[in-house]
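Written out below as structure tokens is the structure these notes cover.
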Amino acid sequence: MTEVTAAPDVLWRPGAERLERAHLTHFRRWLGERKGLHFADYESLWRWSTESLEDFWAAIWDYFEIRASVPYERVLVERRMPGARWFEGARLNYAEHLLARAAEPDADSRPALIFRSETTAPTVLSWAQLAGQTGALMARLRGLGVVPGDRVCAYMPNIPQTACAALATVGIGAIWSSCSPDMGSVGVLDRFRQIEPTVLFAVDGYRYGGKDHDRRAIVRDLVAELPTLRAVVFVPYLNEVADLSLPARQTVEVIAWRDALAKPQAPAFEQLPFDHPLWVVYSSGTTGMPKAIVHGHGGALLEGLKGNALHLDLGRDDRFFWFSSTSWIMWNLWLSTLARGCTALHYDGNPGHPDLDTLWRFAADEKTTFFGTSPAFLALNIKADLRPRDRFDLGALRTLGATGSPLTADAYAWVYGSVGRDLLLASISGGTDPLAAFLTSSATLPVYAGEMQCRGLGCAVQSFDDEGRPGFGRVGELVVTEPMPSMPLRFWGDDDGERYRNSYFEPWPGVWRHGDWLTLFERPESVTSVVYGRSDSTINRHGIRMGTAELYRVVEGFEEVLDSLVIDLEYLGKPSRMLLFVVLRDPRATLEPALSDALRKAVREQLSARHVPDDVIAIAEVPRTLSGKKLEVPVKRILLGHPPARVLNRDSMANPASIDWFIEFARQSH
């Protein structure tokens, strides 16, 4: 049953000029002029985009003037999930579209990338320079024998060299994959081992919060444990002069970055099928290795152009910034904005060092028009009672983006009170798996406090109850009922597709279940939404997901730990809190601070600094099903305040008394 809810306050409406300039306005006008299609409002446009999939995506292809050396034969071969085949016959290249601006008359003077960090002076790369460096790297990779389908990996921060390496890799048809250097060797190897890379781009280290981190020892570990590597392209980033000495037994060639760029030249792009693999990104589940998700050239291109133009309202005059690491899918989104002709701004380092003014100062200095960040960063600003609008000239800023976790109504109010009154607040949600924002923004719609403005065009998003019935005004599972071009081609190594199907298409075959709690609201102008956090047990910290299985391998590797359970309490309006429960091997022992510190250190160094537990707590036993599976989701829901009787069946438990401890813990915590 739909619950009647009063609409929250409207915090912003587009003025006449913003409405007229909006790229979505232009697209709707184009549909009328070219296709004879007229829509009264956003919702009618959305319905058409999700019901007439072939017509909508063909219109996106035409509107954005996709460059294909061979045209497509058919938009969609079969409307099903998984297995939909899009734009068969077409041949194109993702990187060619991202570097198209380099062929324009002002490419020598127009900036493509503007970069700052804690370690280096501001760096600007023009479109011509970016294309020349990309062309040089493409030639070098081809000289190393890299061919379409080979994998090229990076252990690199968010620096210009990483962008150039990614463009060169996909430009020749190789497959890109990256991990940021704040990840330890275990987490990186769990990812890169699966895909057997031929070339590794790596840095000597990085600086974060004023502290230097030398990563050469980890790079040597990666080389030693990745037997398919032929070469390492080594970037001295932490120090201007640094080398990577490998043991004499290693036959891997080490190429200095400056040597790889010795001969700038025009890029020569490989023409590839629409569904040729573009990159592998990672989004872990609760068991096994991280999911190695394969996206395709064509799907990433179409979704990126649609989302960046029609929802984020980006164009050639924009200066786009989103703070991200290279392990987060938002780095891929940041790179994709080059296809819109934007100047892409990026920063490497601690956004709170030496203080929280760092990114706002960057935005003011570079006249940023789009500032993207995380709710966690905004929460730090709120806690510090900052008002960036009073401290910096943010007059160029038109849009503030936020994603990675739910954004509260208080954060919405802070943005409009402390950053700017005439701003589109683009709170979006989607992610690594679909390479898309299911729930997103529009410069043509109002912003309601605490609610995302609309469902993405072409994204058939619904909120399902436990019986698979869609509805509004109540919390349900976020599902997508129709295929999208950007959905994963497959998981690497998942030859029969079983893990792919199990990850997204249970319990409703043919329906994508994303793993988020969602409420949809019918507002006068559109269907808005609130996401309340994960409905499964995947750990989502600062937008980067990691499976509990990865944490268990590290934690349960300690001799003192018999068993463990990790729960991330992410829920709208509550601070994210990650709890690690451990069962000690000696039942008479107590959890000593030294062991807690050692567990945190191991997670930080072997996996990720973003996934260090907030608290380590000793328990007597981990609740398990009769088949031995840890009851992660029921425990999470109990700790979030759900009635125990509604979230688990004691008869299905191997040790039903174990849940009583968590029920009492939840009672004391609320």
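If I go through the range 217-226 residue by residue, how many of them are surrounded by fewer than 17 Cβ atoms within 10 Å (Cβ to Cβ) and in contact (Cβ under 8 Å) with a residue 12 or more places away in the chain? Reasoning before the result, please.
Pass one, the range 217-226, residues surrounded by fewer than 17 Cβ atoms within 10 Å (Cβ to Cβ): 217, 221, 224-225.
Adding the requirement that they be in contact (Cβ under 8 Å) with a residue 12 or more places away in the chain leaves 221, 224-225.
Number of matching residues: 3.
Hey, among the residues in the range 47-91 that are aliphatic (A, V, I, L, M) and in a loop (DSSP other than H, G, I, E, B), which one's least open to solvent (accessible area, probe 1.4 Å)?
Among those that are aliphatic (A, V, I, L, M) and in a loop (DSSP other than H, G, I, E, B), it is ALA90.
If you go through the range 155-170 one residue at a time, do you hit one that is touching a residue at least 24 places away in the same chain (Cβ under 8 Å), of a type in the set (Gly, Ala, Ser), outside any strand (DSSP E or B) and open to solvent by 10 Å² or more (accessible area, probe 1.4 Å)?
No.
Please find, within the range 543-569, the residue that is modelled with the lowest pLDDT out of those that are open to solvent by less than 10 Å² (accessible area, probe 1.4 Å) and part of a strand (DSSP E or B).
Going through the qualifying residues, I end up with MET546.
Name the single residue, out of those in the range 365-380 being more than 20 Å from ASP313 (Cα to Cα), hydrophobic (A, V, I, L, M, F, W, C) and free of Cβ contacts under 8 Å to residues at least 60 places away in the same chain, that is surrounded by the most Cβ atoms within 10 Å (Cβ to Cβ).
LEU378
With over 27 Å from HIS213 (Cβ atoms), open to solvent by 10 Å² or more (accessible area, probe 1.4 Å), in contact (Cβ under 8 Å) with a residue 24 or more places away in the chain and not in a strand (DSSP E or B) as the only criterion, which of GLY145, GLY173, GLY135 stands out?
Working: GLY173 fails: open to solvent by 10 Å² or more (accessible area, probe 1.4 Å); GLY135 fails: open to solvent by 10 Å² or more (accessible area, probe 1.4 Å).
When all the criteria are applied, what remains is GLY145.
Hey, any hits in the range 313-330 for a residue that's part of a helix (DSSP H, G or I), out of contact with any Cys (no Cβ under 9 Å at 6 or more places or on another chain), under 25 Å from HIS213 (Cα atoms) and not charged (D, E, K, R)? First the steps, then the outcome.
Going through the range 313-330, the residues part of a helix (DSSP H, G or I) turn out to be 329-330.
Next cut, out of contact with any Cys (no Cβ under 9 Å at 6 or more places or on another chain) only: 329-330.
From the residues that got through so far, the ones that are under 25 Å from HIS213 (Cα atoms) too are 329-330.
Then keep just the ones that are not charged (D, E, K, R); that gives 329-330.
Yes: the range 313-330 contains one or more residues that are part of a helix (DSSP H, G or I), out of contact with any Cys (no Cβ under 9 Å at 6 or more places or on another chain), under 25 Å from HIS213 (Cα atoms) and not charged (D, E, K, R).
When you go through (1) assigned to a loop (DSSP other than H, G, I, E, B); (2) polar (S, T, N, Q); (3) at pLDDT 85 or above one by one for SER627, which number turns out not to apply?
(3)
Restricting to the range 398-427, name every residue that is open to solvent by 10 Å² or more (accessible area, probe 1.4 Å), within 29 Å of ALA16 (Cβ to Cβ) and in contact (Cβ under 8 Å) with a residue 60 or more places away in the chain.
Selection gives ARG398, THR403, ALA409, ALA413, TYR416, ARG421, ASP422.
Scan the range 591-602 for residues that are hydrophobic (A, V, I, L, M, F, W, C), closer than 18 Å to ILE619 by Cβ and buried (at least 17 other Cβ atoms within 10 Å of the Cβ) and jot them down.
Within the range 591-602, LEU595, LEU599 qualify.
Hey, among ARG600, ARG637, which residue is of a type in the set (D, E, K, R) and modelled with pLDDT of 90 or more? Show your work before the answer.
Details: ARG637 fails: modelled with pLDDT of 90 or more.
The conditions single out ARG600.
If ARG474 passes every condition in (1) more than 21 Å from the chain's Cα centre (by Cα); (2) free of Cβ contacts under 8 Å to residues at least 60 places away in the same chain but one, which one does it miss?
Condition (2) is where ARG474 drops out.
Checking the condition of a type outside the set (Val, Ile, Thr) and at pLDDT 95 or above, which residue from ALA364, ALA376 passes?
ALA364
When the residues of the range 232-254 are narrowed to those that are more than 28 Å from the chain's Cα centre (by Cα) and under 24 Å from GLY135 (Cα atoms), which ends up most open to solvent (accessible area, probe 1.4 Å)?
GLU240
Please indicate, with yes or no, whether at least one residue in the range 255-275 is under 16 Å from CYS179 (Cα atoms), touching a strand residue (DSSP E or B) at 6+ places or on another chain (Cβ under 6 Å) and crowded, with 21+ Cβ neighbours inside 10 Å.
Within the range 255-275 (the criterion being under 16 Å from CYS179 (Cα atoms), touching a strand residue (DSSP E or B) at 6+ places or on another chain (Cβ under 6 Å) and crowded, with 21+ Cβ neighbours inside 10 Å), the answer is no, since none of the residues qualifies.
Checking the condition open to solvent by less than 10 Å² (accessible area, probe 1.4 Å), part of a strand (DSSP E or B), modelled with pLDDT of 95 or more and among the hydroxyl-bearing types (Ser, Thr, Tyr), which residue from SER442, SER463 passes?
The match here is SER463.
Which is buried (at least 24 other Cβ atoms within 10 Å of the Cβ) and either among the small types (Gly, Ala, Ser) or free of Cβ contacts under 8 Å to residues at least 60 places away in the same chain (or both), of GLY430, GLY395, GLY450?
GLY430
Among (1) assigned to a loop (DSSP other than H, G, I, E, B); (2) touching a residue at least 40 places away in the same chain (Cβ under 8 Å), which single condition is LYS636 missing?
If we test LYS636 against (1) assigned to a loop (DSSP other than H, G, I, E, B); (2) touching a residue at least 40 places away in the same chain (Cβ under 8 Å), just (1) comes out false.
Name the residue, out of SER117, SER109, that is among the small types (Gly, Ala, Ser) and open to solvent by less than 40 Å² (accessible area, probe 1.4 Å).
SER117
Are there any pairs with C-beta distances below 6 angstrom linking a residue in the range 506-527 that is modelled with pLDDT of 90 or more to a residue that is aromatic (Phe, Trp, Tyr) and surrounded by fewer than 19 Cβ atoms within 10 Å (Cβ to Cβ), with the two at least 6 apart or on different chains, and if so which?
LEU520/PHE472; GLU522/PHE472
Specify the residue that is most open to solvent (accessible area, probe 1.4 Å); the eligible residues are those in the range 302-350 that are under 24 Å from ASP433 (Cβ atoms) and of a type in the set (S, T, N, Q).
Filtering first and then ranking leaves SER327.
The values are calculated or read from the model by the stated rules, or taken from the named source; none is laboratory data. Just so you know, these numbers come straight off a predicted model, no measurement behind them. Virtual Cβ from ideal backbone geometry, glycine too; neighbours counted across all protein chains shown. Note: areas computed on protein heavy atoms with side chains; ligands, DNA, RNA excluded. Shrake-Rupley method; radii C 1.70, N 1.55, O 1.52, S 1.80 Å.
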